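Enquirer: Dropping a structure here in C-alpha cells format, bear with me for questions.
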Amino acid sequence: MYYIKKILLVLLFSIQIYAVNYSAVIKGKIVDEKGKPLAGANILLKNKSVGTVSDKDGYYYIKSREGKDTLEITFIGYKKITEIVRLNNKFPMVKNYKMVLEYFQIGGITVVAEKELLQSYSESKTIINSGEIEHMQASSLSDVMQLVPGQKFENSGLQSKKQASIRTKASDNAAEKNVSFGTQIILDGVPVSNNANMQIDTRTTTSSGELLTTENSGIDLRQIPADNIEEVEVIRGVPSSKYGDLTSGIVKVKTKSERKYHRMKYKYNFKNQEINFGGGFKFFKQHLNYNFNYAHSVRDIRVPDKNYSRVAGQLTFTNHLFKNKIRMSNKAYYTRSFDEHGLREGDLMLTEKYNRDYILRLIHNSKYIITKNQKLDFTYSFFSNNQNSFVKRLVTVDNTYITDMMTNGTKEGEYIQHYLSELNVKGRACNSYTNVEYTNFMEHFLDHKISFGMTLKNEFNDGDGRIYDANRPPRINDNKRERPRKYDDIPALTTSSLYFENRIQDKNKKYYQLNLGLRYDSYGQDNFFTNNHGKFFSPRINLSLFLGENAQLRIGYGETSKSPSLSMLYPNKLYFDVDDINEYNDVDSLRKVIVSTYVYDKRNSDLKASKQIKREISLDQKINNVGLSITGYYNNTYNGFASSKIIPIFQYKYDYPNWPDTSNKFIKDSVFTTFSIYENSLSTISKGLEMSIQTKKLKFFDMKLRVEAAYNNTYSYRKNTYEYASIFRVDNTYGDNIKPFWNPINMVSEDLIVNYNVDFMLKELGAWVTIIAQQVVFEKDWYVNLDDSLAIGYINDHGETTIFSPSERNGNIGSIFKRVKPSYVYEVENRKNIWIFNLRVSKSIFKGSEVSFYVNNIFNSHPLYRRKRTPTESYTKENPDLYFGIEFSTKINELFK
Amino acid sequence: MKKNKKIIPLFFIIIVAFFSCEEDIIKPDSMRITLRVEVIDTSIFTKTLSGDSLVSNANVYINSISYSQQKEALTDSNGVAVFENLLPDNYSITISKNISKEDAMKVNGNYVRWIMSNQIQDTMLFDIIDKEIEIRIILKLIKPGTLIFSEIYYNGSPANPIPYYFHDQFTEIYNNSSETIYLDSLMIADVDYGHKDEDVIHSIHSYMFPGDGTTYPIAPGEYVIVAQDAINHSEINPGSVDLHNADFEYYVKDHGDVDNPDITNMIQIQHKYGIDFLYSVMNDAIVLMKVKDPFALGYDTFDCLLLPKSAVIDGVEYREKLSEMDKKRLDATIDGGITGGLEMYQGKSIERKFERFEDDRAILMDNNNSSIDFHVLDTATIGYNYDVNKIE
C-alpha cells in the first residue's frame, strides 16, 4: 500500500508540474575532459522530470521547484553524472560539470576508453566488450577466450575444434576433458550444455588434424560467432548461486539486442573468410535485431574439400510493455556448421568425413516489475542440436572374422580383410530449460537483494544413433567389437535446482558487500527431482570489504557440481566376439568360423556428478592512475569423470562337434580380457595466483598499459582406482596370465604466463593500436608417485581380483608386480621464457567504417624445445605461426548519409 | 598526424621479419680425404700362416652414414686397404676375413669354422690438414652364426588394390652351418625402440617355435618360412606372395586373427598389441634367440617383455632412412649396421648376400653388420634363390 501511495503522489506532483510556476533555477556549463564545451548533453532533474539540453557553448539552464532533487547528465559516449542537489527559490544554483569519456567509436567499433581500476563486483571475472572482440578479429567465442589471463596464445580461426578451460592446466587427456566439460557456456542467460552430445567414436585415426567431435567435454566454441557478441563475462571465481552444472567456471555471452543501425563486416586471412551482417530496428518501444554470419575456413590451403563452414543467424525481438513494467525478449538462433573432409586425391584409404551440426535455439525471457522493489524473471528455452557425423573409409585389417550377432549367442561368421565402411552417427541433443526467479530489494538496516529461483533442465538425445552395416563396422580392433545402435532407449537427464541468494550491503556501499547464496541441485533420470546421479547443497559466499576509497579485499568460497554426460552414462555396448572355431582355408567352401558373441553393457549406474570447491581471496588497490589486483585461489575438484574402471571378462571357448547342432558342445579353452567404464575417479587440486597492473591513459604517451600475470599449479590425481598393466603378464612362479595393478601415477602441471598489453587509443585520429606480448615464463609438468612401484593386486585369467595384504605387498613379490620407470620419466618438462609479440591496429576510414589489421608472432619466433621425458632426442617447435589478417566494416546507414 | 610516428618502427620490424637469410652450403669436394685401414691380427692364425700379424686379403667395408654409400676393398700384403676421395663424414668400418678350410687345418689340425672380424661404428673421418687418415684395427676371432635370417620381407605389398597390406610379411631362417639344427623352442622377437640397456632387449612381440627338442630340424643349407598369416595373399592382393605352404605361422590367439589349421602355429610368448605379430613396415629390429625361460627377466613398465641379449643368435635391424644410425636399437654385438632403406609398401624385401659355396652348400655372409650382409630384393622370394651368375 505504501508504494501505491507513493506512486499516486508522484502522479499528483507531475500533474502539478504544469500548474505551478517554477522559481528555482539551476544553471552551468558542461565541458569535456579537455575543457571544450559539450553541446547537446541531456540534463535532467529526475524527481520533477524537468530537463534540458546544453547549447552549443555547453551552457544549460533549468527552472524547477524548490527542494531536493537528483540531477542527471548524460551524453552518448560519456560517463553518466548523477548528483543530489537542493534547489531554492532565492539564489540560482550554478553547477559546472566536466564529463569523462566512457567510450568512443572507431568506425563501427565501440572502444571503451577506460576500464575501472577497482572492480565493482566481488567475484573474480574478466569482462570483454565488443570493441576488444572486434579489435582482435575473433571469429568465434574461442578466440575471445584468448583475452582471459592465463590462456596461452593461439592464432584465431575456425580450422579445428576449440573448447574452453578456466584456471586449470591439465596435461592428462581425461583431466583436460573434465576441465572443458566443467566450463559452462551461458548464452543470453541460458546454459549451452554438452550433456546430451552422443557423437561417440567418430574418429578414424589418431592424427591431430582430424575432424573431432566434442562428446564428454565442453561444447565446440566455434558454433558461437564472435561478431554478434555484445559482451563476454568469464567468471573464474565463485559464481552466484544462480549458476549450476559447472565446475571450472562460467563463460557468459550476451549477444547484441537493441541496435538501431545496420552494419556489414568482412574479415579475411589466409585460412578464414567471414562476412557478418547485423543490425536492428526500433518501433513503438520494440526492438527487432538480426544478425547473419557466414564463415568459411580452410584447414590446409593446398588441400581442397578440407574445410569448415558456418552459417549462423540470430533474431532478437524485445519489447517493453506497460511503461517498462514488463520487458520481454524472444530470441531465435540458428547455426549450421559443416566440418568437412572430402576425398583427397591419392588417399588410398578413400577417407571422407564430415561433422554437420544443425543447431536451433529458442529463448524466451520476461522480466516483470511487480513493484519498485520486486521483480519476477521467467526464462524458457529449447535448444536442439542435430549432429550428423559421417565417416567413409576403406577398412583394411588383418585377415579376421566377423559376425553380426546383436545378442548373446553363437553364429557362423565370415572372414574379411578389407571393405569400404560407412558410418553415420546421428544424434539429436536437446535440452529444455525453465527458470523462474523472484527478486526483492529490501532495506532492513542494510540493503538486501534477495532472490529465490528454481531451474529445471531436461536433456535428452533421440537421434537415429550409430548407423552402419553390422558386417562392415567402422573399425575392427581385437575381438572386442561394436554394433550399430539406436539412441531411442536413452533416458533423459534431468537437473532440478533451487537457489537462494542475498546480496547484502551497508547503506551507500561504504564498508562491505556480502553475497550469500545456497543452491540445491539434484541430477536425475527422466523425472524432475530424482537424484540417481547425486544431489548437492552448494553454499556460495562472496564478501567484499572496502578498505577506504582506494582499496578492497574480496573473499570467496563456493561449491559447485557438474552432472555426467549421457555419453558417459550410456556408452556404446561392447560385443565380445569369440572365435570358437577358426579354420581358414584359401578355398572358400572349406572355411569354417563359428563365433560366440557376449554383450557387455558399459554403463555405470553409480556414476555421480562431480564437485568443485572454490576458495579465493583478492586484494585490489588503486594508486592514482594505477590499479593493482592480486588474487589467490585454491580449487578442489572431486569425483571427476574418467574411463578408468576395469572390468574383467572371462568366457569359455567351445567346440561344436555336430554344428549347427550346439547341444553337444564342450569346453576346449578359455578366453579373458578386460574393458573399462566411466567412474568418478578423477580429482584435481588447482591453485594459483593472478596479478594485474593496469594504468589509466598516461598523459604523455597517450597510452594505457596492462600487465596480467597468471600462475597456476594443477595436480590431477586418481582416487579409488588403479593403473593396470596393458597386457596379461606371465610369471615363472605364478605361471598364470596375470594383470597386475598399481596405484596410479599422477601429474602436476605448473605455468606462469604474463601478458603485456600496450594500448594506444587515439580518438582524434580514430585509431587504436595494441601491442601484446606474451611471455611464458615457465610451463612445467612432472609425474608424482613414480616410486610407488609395487602392485596393489592383480586380476587373473579367470577374472578374479586378488588384493595383496600389506605384508605380501612389501614381501617378496615377483618382478612382474614391479613397475620400474626408466630414469627419463622422472624428468621435468620445462619450457622457459618463450615470447610472442602480436600487433593489432584498428583505424577509422570514414564515419561508421573502419579497417582492422593484425599480425601475430611478428618476429616469427619459434624457439625449439628439447623434450626431456623421451627416450631419445625429440624437439617441439613453440609458438603459433606468423599470421596476419584484415577486416573491414561499415555501418550501412552512415554510407548513404 | 605526429602520433603515427610511433607505428612506423613497428611496421619496419614486420617487414624485416619477412626476410630471412639462408646460407649456401659449400660442397666439401675440396676436402676429400684418403683413408688407410691397417688390419692386424694378433692371434695364432696369421702368425702361423704368414709369420707376422698383418692380415692380407681381408675384406674392408666402409659405410658413409650420411650419404649411405658403401665401398669395399681388400687388404694388400701389408695388411692395408686404401680408400681415396672420401667425403668427410661419419663412417662405420667393418672388416672380415674367412679362415679357409685349408688354413684352419694348417693351424689347428682340424676344421672348425672361424671368422676374423671387427667393426668400428660411427667414427668421424675428417682431417683438414693432411687429408689422410690412418686407422689400425685389430681383428677378433668369432664363430660365425649357425642359424641366420636369410630373408625378411617386412615392406608390405603395393596397393593392388588394397592399400597398406602388410599381412603377407614373412621371415626366412637359414641354416648356415654344416650341422642339422633344431628350431624347437627358439624364439623370434622384435625390439622396441628407445631403450639403452646393456644386456636386455625390450620386446613388444615374441613367439616361440613349438616342439619337444627334436621336432623341427633344419638341415644345413635348408630354410624355413614363418608367415604372419599362412594364406595365399596373392588372392587378396595380386602381386603379393602365396604363403599357404609356409612352415609356421604367427597365430595370435583371441585377438581376432585367422588360423590356417594346416600350418603349425608359433607359440605366443609376448603380444602387447595388434591383431598380428606385425613387423614395422618402416623401422624395426628382429632377433632370433634361444632363451631357456623367456619370462625370467619380467617386463618393463611399458609391458614389453625383457629378454637377455646374450641369448640372441642372429639379429637384423632395418630402417627407412639408412642414415639414422643414431636411432639404432641393436648394438654392434648383434648388428652393427642397418639395412632396408625402403619406402613402405613397395613389395621389396631384404635378403642376406651370398658369400661362397662350401660343399655345394651356399654360405651366406654373416659379419654381424646388416649394412654389409644384406641387400634389397625387388620382390619377396621364398627360399634362398641365389643366382650363380650374379654372385658378387
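Every read-out reported here was derived from the displayed coordinates using simple, explicitly stated rules and does not represent laboratory data. If you're wondering where the values come from, they're calculated on a predicted model, not measured in any experiment. FYI the Cβ positions are ideal-geometry reconstructions off the backbone, even for glycines, and counts take in every protein chain you see.
Enquirer: Whole-Hz Karplus ³J(HN,Hα) for the range B:78-93, in order, using 6.51 cos²θ - 1.76 cosθ + 1.60 and θ = phi - 60°, x for Gly and Pro?
Expert: 8, x, 10, 10, 10, 10, 10, 6, 8, 7, x, 5, 7, 10, 10, 10
Enquirer: Let me ask something else about it. Please compute P(r) over all alpha-carbon pairs of the range B:188-310, binned at 10 Å starting from zero, and give each bin as a whole-number percent.
Expert: 12, 39, 35, 13, 1
Enquirer: By a straight-distance test (C-alpha under 14 Å), which aspartates and glutamates pair with A:K719 as possible cross-link partners, with residues fewer than eight away in the same chain excluded?
Expert: Reachable aspartates and glutamates: A:E679.
Enquirer: Evaluate the Kirkwood expression for the hydrodynamic radius of the range A:220-376, namely the inverse of the mean inverse distance over all pairs of different C-alpha atoms, and round to one decimal in Å.
Expert: 18.5 Å
Enquirer: Rounded to the nearest 0.05, what FRET efficiency is calculated for A:F859 and A:K592 with R0 set to 51 Å and r the Cβ-Cβ distance? List each step's numbers first, then the result.
Expert: Values: r = 68 Å, r/R0 = 1.33.
Step by step, r from the Cβ atoms, then E = 0.15.
Enquirer: Here's another thing I want to ask about it. In units of 2.2 N^0.38 Å, what is the alpha-carbon radius of gyration of the range A:434-507? Display every interim value, and only then the final one.
Expert: On the way: Rg = 24.8 Å, N = 74, 2.2 N^0.38 = 11.3 Å.
Normalised by 2.2 N^0.38 Å, the Cα Rg of the range A:434-507 equals 2.20.
Enquirer: Another one. Hey, which lysines would be in cross-link range of A:K29, C-alpha to C-alpha under 22 Å, not counting anything within fewer than 8 residues on its own chain?
Expert: Excluding near neighbours in sequence, the set is A:K46, A:K48, A:K56, A:K63, A:K68, A:K79, A:K80, A:K90, A:K95, A:K98.
Enquirer: Report, please, the projected area of the range A:757-813 averaged over directions, based on the convex hull of its C-alpha atoms, in nm². Kindly include the intermediate steps, with their values, before the conclusion.
Expert: Numbers: hull surface 37.7 nm².
Mean orientational projected area (the range A:757-813, Cα hull): 9.4 nm².
Enquirer: Report the rotationally averaged projected area of the range A:259-312 based on its alpha-carbon convex hull, in square nanometres.
Expert: 3.9 nm²
Enquirer: Expressed in whole Å with the largest first, what are the equivalent ellipsoid semi-axes of the range A:395-452 derived from the C-alpha gyration tensor as the square root of 5 times each eigenvalue?
Expert: Numbers: eigenvalues 838, 42, 25 Å².
For the range A:395-452, the ellipsoid semi-axes come out as 65, 15, 11 Å.
Enquirer: Lysine pairs, Cα distance under 28 Å, 8 or more residues apart or cross-chain: how many in the range A:528-660?
Expert: 28
Enquirer: Treat each spin label as a single point 7 Å out from the Cα along the C-beta direction, and report the A:N408 to A:I326 distance in nm.
Expert: A separation of 6.0 nm, rounded to one decimal place.
Enquirer: Here's something else I'd like to know. If you keep only loop residues by DSSP, which GluC sites (Glu not before Pro) in the range B:315-352 have at most 16 other Cβ atoms within 10 Å of their Cβ?
Expert: Details: sites: B:E317, B:E320, B:E324, B:E343, B:E351; in loops: B:E320, B:E324, B:E343.
When the GluC sites (Glu not before Pro) of the range B:315-352 are filtered for loop state and at most 16 Cβ neighbours within 10 Å, B:E320, B:E324, B:E343 remain.
Enquirer: Calculate, in whole percent, how much of the Cα-Cα pair population of the protein assembly as shown lies beyond 42 Å.
Expert: Working: 476731 of 830116 pairs.
When all Cα pairs of the protein assembly as shown are counted, 57 percent exceed 42 Å.
Enquirer: Turning to a different aspect of this structure: Taking N as the number of residues in chain B, what is its alpha-carbon radius of gyration divided by 2.2 N^0.38 Å? Don't skip to the answer; put the middle values down first.
Expert: Working: Rg = 25.0 Å, N = 392, 2.2 N^0.38 = 21.3 Å.
Against the compact-globule rule of thumb, the ratio is 1.18.
Enquirer: Springs between alpha-carbon pairs under 10 angstrom, Gaussian network model over chain B: which of B:K140, B:K253, B:K292 fluctuates most?
Expert: Checking each option, the largest mean-square fluctuation is seen for B:K292.
Enquirer: Nearest 500 deg cm²/dmol is fine: what mean residue ellipticity at 222 nm does the protein assembly as shown get from its DSSP H runs of n ≥ 4 alone, each adding -39,500 (n - 2.57), divided by its residue count? Can you show the working numbers first?
Expert: Details: 12 runs with 82 residues, N = 1289.
Taken over the protein assembly as shown, the calculation gives -1500 deg cm²/dmol.
Enquirer: Still on this model: Taking the range A:58-148, which trypsin sites (Lys or Arg not before Pro) meet the DSSP loop condition and have no more than 12 other C-beta atoms within 10 Å?
Expert: Working: sites: A:K63, A:R65, A:K68, A:K79, A:K80, A:R86, A:K90, A:K95, A:K98, A:K115, A:K125; in loops: A:R65, A:K79, A:K80, A:K90, A:K95, A:K115.
Passing sites in the range A:58-148 are A:K80, A:K90.
Enquirer: For the range A:555-701, how big is Rg over Rh, using alpha carbon atoms and the Kirkwood form of Rh? Display every interim value, and only then the final one.
Expert: On the way: Rg = 29.7 Å, Rh = 21.3 Å.
Radius of gyration relative to Kirkwood radius: 1.40.
Enquirer: Taking Cα centroids, how far is the range A:249-323 from the range A:488-542 in Å?
Expert: With the range A:249-323 and the range A:488-542 each reduced to a Cα centre, they are spaced 32 Å.
Enquirer: Report the trypsin sites (Lys or Arg not before Pro) located in the range A:310-419 that are in a DSSP loop and have at most 13 other Cβ atoms inside 10 Å of their Cβ, or state none. Walk me through the numbers before you get to the answer.
Expert: Numbers: sites: A:R310, A:K323, A:K325, A:R327, A:K331, A:R336, A:R344, A:K353, A:R356, A:R361, A:K367, A:K372, A:K375, A:K392, A:R393, A:K411; in loops: A:K323, A:K325, A:R344, A:K372.
Here the trypsin sites (Lys or Arg not before Pro) that fit, given the DSSP loop and packing criteria, are A:K323, A:K325, A:K372.
Enquirer: Given N residues in the range A:518-559, what is Rg(Cα) / (2.2 N^0.38 Å)? Write down the numbers at each step before the final one.
Expert: Working: Rg = 17.3 Å, N = 42, 2.2 N^0.38 = 9.1 Å.
Expressed relative to 2.2 N^0.38 Å, the Cα Rg reads 1.90.
Enquirer: Just the C-alpha atoms of the range A:493-637: what Rg/Rh do they give, with Rh taken as the Kirkwood radius? Could you put the intermediate results ahead of the total?
Expert: Working: Rg = 28.0 Å, Rh = 20.3 Å.
Ratio value, two decimals: 1.38.
Enquirer: Percentage of Cα-Cα pair distances in the range A:106-190 greater than 17 Å, rounded to whole percent?
Expert: Numbers: 2131 of 3570 pairs.
That fraction is 60 percent.
Enquirer: For the range B:294-322 and the range A:392-463, what is the separation of their C-alpha centers, rounded to whole Å?
Expert: That distance is 45 Å.
Enquirer: Taking only Cα atoms and a 10 Å spring cutoff, compute GNM fluctuations for chain B and point out the largest among B:A227, B:A159, B:A380.
Expert: Looking only at B:A227, B:A159, B:A380, the largest GNM fluctuation is found for B:A159.
Enquirer: Still on this model: Under a point spin-label approximation (7 Å from Cα along Cα-to-Cβ), what is the A:Y557-A:Y824 distance to one decimal in nm?
Expert: A separation of 4.7 nm, rounded to one decimal place.
Enquirer: Per residue of the range B:224-235, what does 6.51 cos²θ - 1.76 cosθ + 1.60 with θ = phi - 60° give for ³J(HN,Hα)? Whole Hz please, x for Gly and Pro, Karplus curve as stated.
Expert: My calculation for the range B:224-235 gives 10, 10, 10, 9, 5, 9, 7, 9, 7, 6, 5, 6 Hz in order.
Enquirer: Expressed as cubic angstrom per residue, what is the convex hull volume of the alpha carbon set of the range B:22-132?
Expert: Values: hull volume 11.8 nm³, N = 111.
That works out to 107 Å³ per residue.
Enquirer: Translational diffusion coefficient, Stokes-Einstein: compute it for the range A:366-418 using the Kirkwood radius over C-alpha pairs as Rh, at 20 °C and 1.002 mPa s, and state it as an integer in µm² s⁻¹.
Expert: Value of D from the Cα-based Kirkwood radius: 121 µm²/s.
Enquirer: Next question. Quick one: how many lysine pairs does the range B:75-176 have with C-alpha atoms less than 17 Å apart and a gap of 8 or more or different chains? Give me the count, please.
Expert: The number of close lysine pairs in the range B:75-176 is 4.
Enquirer: OK, next. From zero up to wherever the largest Cα-Cα distance of the range B:296-382 sits, split into 10 Å bins and tell me the percent of pairs in each.
Expert: It works out to 15, 37, 33, 13, 2, in whole percents.
Enquirer: Using the count of nearby Cβ atoms within 10 Å as a rough guide to exposure, how do B:L307, A:L698 rank from fewest to most?
Expert: Numbers: B:L307 26, A:L698 12.
Going from sparsest to densest Cβ surroundings: A:L698, B:L307.
Enquirer: What ³J(HN,Hα) values, in whole Hz, does the Karplus curve 6.51 cos²θ - 1.76 cosθ + 1.60 give for the range B:110-120 when θ = phi - 60°, with x put for Gly and Pro?
Expert: So the Karplus estimates, Gly and Pro as x, are 10, 10, 10, 5, 10, 10, 9, 7, 6, 9, 10 Hz.
Enquirer: Taking only pairs that are 8 or more places apart or on different chains, how many Lys pairs in the range A:763-844 have Cα atoms under 29 angstrom apart?
Expert: Lysine pair count for the range A:763-844: 5.
Enquirer: Still on this structure: Please list, or write none, the aspartates and glutamates whose alpha carbon is within less than 13 Å of the alpha carbon of A:K285, excluding same-chain residues fewer than 8 places away.
Expert: Excluding near neighbours in sequence, the set is A:E258.
Enquirer: Under the Kirkwood approximation applied to all pairs of distinct alpha-carbon atoms, what is the hydrodynamic radius of the range A:343-453 in Å? It would help to have the intermediate numbers written out before the result.
Expert: Working: mean 1/r = 0.0500 Å⁻¹.
Value: 20.0 Å, from the Cα pair sum.
Enquirer: Let me ask you something else. Among B:Y154, B:Y174, B:Y111, which one shows the highest mean-square fluctuation when chain B is modelled as a Gaussian network with alpha-carbon springs under 10 Å?
Expert: Comparing B:Y154, B:Y174, B:Y111 in a Gaussian network model of chain B, the most mobile one is B:Y111.
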